[in-house]
Structure formats: C-alpha cells, structure tokens
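In what follows, a structure is listed as structure tokens, so that the remarks can point back to it.
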Amino acid sequence: MEPRNNTHVLEFVLLGFSQDPDLQPIIYGIFLSMYLITVAGNMLIILAIISDANLHTPMYFFLSNLSFVDICFTSTTVPKMLVNIQTKRKTIQYAECITQMYFFLIFVELDNFLLAVMAYDRYVAICHPLHYTSIMSRRLCGFLVLVSWIVSLLHALLQSVMVLQLSFCTDLEIPHFFCELNQVAQLTCSDTFLNDVVMYFALVLLATVPLSGILYSYSRIVSSIRAISTAQGKYKAFSTCASHLSVVSLFYCTGLGVYLSSAASHSSQASATASVMYTVVTPMLNPFIYSLRNKDVKRALKRLLVGKL
C-alpha cells in the first residue's frame, strides 16, 4: 500500500460492532438507553451531593467529580456512534478522530486517578479517623483533583501529538466504535517504535501507580478493620468503603479484561466488544452502586426527587 502523509487524511471509517443492517436498530436502542441512564444517573448523584449539606465532605466531593468524569467519558464515544448509526455513515473526520482520542485519554486517566484518590480518602478515614478533618482539608482535596486533571491532560496531549506525526496508509478502517489509540496507530505506514514505547510505558506507569496506591490503601484498611474488636464496628468500617471497592473492582477488572481478551484472541472486533464494559457499562453502573450501597446518598436522592415533585 502506498503511504500518504497525515495532512491528506480526510476521514477514518469506524466499523463498529456489526455490518448487519438488521442489527443496527437494536445496537442503537441498547446504546442510547445505556447512555441516557449513565447521564441521568450520574447527574442525579451530582445534584444530590450539591443539594445536601451533609454530603459536603471530601468523600462526596471526589464522588461528584467521578460522576462528572463518567458523563464526559461516555459522551466522548457513544454519541458519535449513535449519529453514525442514525445517518448510516461510518466515517469520522481526521480532526474529529484525534479530538475524540484526546478526550477519551483524558477521562479514562481521570477515572483511574480519582479512584486512587478516593481510596486514599477511605484509608485516612478508617486508619486515622481522629486526624481525618485536618488531613483531608479542602485545600488538599482540591490539589489532588487538580493534579489528576493536569497529569491526564498532559498525557493525552503527548499521545495525541505523537499520533499527529504519523503518516497513514490507504486502508483507514478502524475495527472499533471509537478512535482508540492503539487501533489508530495500527493504521499507520510510519515507524511506530517510539509511539509504542511511549504508549506502553505511559500505560504501565499511569495504571500501576494509581492501582498500587489503591492496593496499599486497602491493605492498610483491611489491617485496621481486623484490629476492631466488635463485629458491628468491623461492619461499620467496611461499609464506608464498600461502594468504592465495588467500583474499583468493576473498573479495573473490565479494563484488564479488555486487554487480556484482545491479546488472547488477536481480534479487534473482540476488543471493541469488550471495551463496552469499561467505557459504557461501568460509568452506567457506578451511580447504582453508590446509591444502592450508601444510605447517605439514598437519603439525599430521596430528598432531591421528592422536592422536585
């Protein structure tokens, strides 16, 4: 195939999940429903936290940020796919593809960092309860969120700029439902050694550091809970981090499953299908996990909904 410079690339083709036209209305209905549930559920969490003064604590400050990021995370990929199905076009403009990839990288990393920050918050609350207020000050909470944003923005910018330096071949079909970094890089005719090194180094660094922080925090939390003498005390301590632990498990297990399944099957189609779990399903389930397992959030949601009626 003859390479051509990336400045002449007008658009890519997103192949999506299926080429069968009979399945398109079903796929459209499923993803539209999941997207609306995700936006509505996470928006309710944010409004409940804002409206209830009892939830103006570090834990719920981080949760509101996570809900906002989840809305943005899903909004970077699903609406474009729905528009393509509705218009029966599978194309995405070159600039739009790079932009989508940039914002996707921002929000997936923000999810990663916020989960680590929330684990640290639970560690301080359970292991150092007497110093919780002084340690988790408003300034520190804002600083942790700001650093998460800065690192995510810089990482996404680095990866996007490196993709912009690539030249692409005539085959511009992406076997995915969005412009995923690895899938786009595979279409290039350029030497991708440097891109691959940066991509995998950043993946290992930005995934293992937050995950290591989460594992360390929960190892200390488990040790502290085991030291509690009463069963009621152990249950109360564990219940404060049960929702977050469920979200962490869902996010990392589905994300890891994507890469393991794609590596095992070597199928881009399988990777696209598996990606739905952490890009669409996980942000949709997070509000349910926090509202069903958290009495404070349920109480705030009930007040919010009753007040609107």
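The values are calculated or read from the model by the stated rules, or taken from the named source; none is laboratory data. In this text the structure is predicted, and so the values were computed from the model without any measurement. Here the Cβ is made from the backbone with ideal geometry for all residues, glycine too, and neighbour counts use every protein chain on show. Accessible surface areas use protein heavy atoms only, side chains included; no ligands, DNA or RNA. Shrake-Rupley method; radii C 1.70, N 1.55, O 1.52, S 1.80 Å.
Tabulated data
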quantity: Number of the condition not met by Leu154 [criteria: (1) without any contact (Cβ under 8 Å) to a residue 24 or more places away in the chain; (2) farther than 30 Å from Cys189 by Cβ]; calculated: (2)
quantity: Checklist (1) surrounded by fewer than 21 Cβ atoms within 10 Å (Cβ to Cβ); (2) at pLDDT 95 or above; (3) in contact with a Leu (Cβ under 8 Å, 6 or more places away or on another chain) applied to Val69, failing item; calculated: (1)
quantity: Criterion: in contact with a Cys (Cβ under 7 Å, 6 or more places away or on another chain) and either part of a helix (DSSP H, G or I) or open to solvent by 50 Å² or more (accessible area, probe 1.4 Å) (or both) - qualifying residue of Arg139, Arg122; calculated: Arg122
quantity: Test: residue in region 97-117 that is open to solvent by 40 Å² or more (accessible area, probe 1.4 Å) and either polar (S, T, N, Q) or more than 26 Å from Leu146 (Cα to Cα) (or both); calculated: yes
quantity: Residue tally, condition at pLDDT 70 or above and open to solvent by less than 50 Å² (accessible area, probe 1.4 Å), over region 252-264; calculated: 3
quantity: Filter result for the condition that a residue is of a type in the set (Val, Ile, Thr) and modelled with pLDDT of 85 or more, over Thr279, Thr273; calculated: Thr279
quantity: Pairs with Cβ under 6 Å, 6+ apart, first in region 36-57 and more than 19 Å from Asp70 (Cα to Cα), second open to solvent by less than 50 Å² (accessible area, probe 1.4 Å) and part of a helix (DSSP H, G or I); calculated: Ser51/Leu304; Asp52/Ala300; Leu55/Ile49; Leu55/Ala300
quantity: Unique residue being out of contact with any helix residue (DSSP H, G or I) (no Cβ under 7 Å at 6 or more places or on another chain), of a type in the set (Ser, Thr, Tyr) and modelled with pLDDT of 70 or more when the list is Ser267, Ser243, Ser249; calculated: Ser249
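Here's the yes/no breakdown for (1) open to solvent by less than 20 Å² (accessible area, probe 1.4 Å); (2) part of a helix (DSSP H, G or I); (3) touching a strand residue (DSSP E or B) at 6+ places or on another chain (Cβ under 7 Å):
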{"position": "Val161", "(1), (2), (3)": "no, yes, no"}
{"position": "Leu166", "(1), (2), (3)": "yes, no, yes"}
{"position": "Phe177", "(1), (2), (3)": "yes, no, yes"}
{"position": "Asn182", "(1), (2), (3)": "no, yes, no"}
{"position": "Asp191", "(1), (2), (3)": "no, no, no"}
{"position": "Asp196", "(1), (2), (3)": "no, yes, no"}
{"position": "Tyr200", "(1), (2), (3)": "no, yes, no"}
{"position": "Leu205", "(1), (2), (3)": "no, yes, no"}
{"position": "Val209", "(1), (2), (3)": "no, yes, no"}
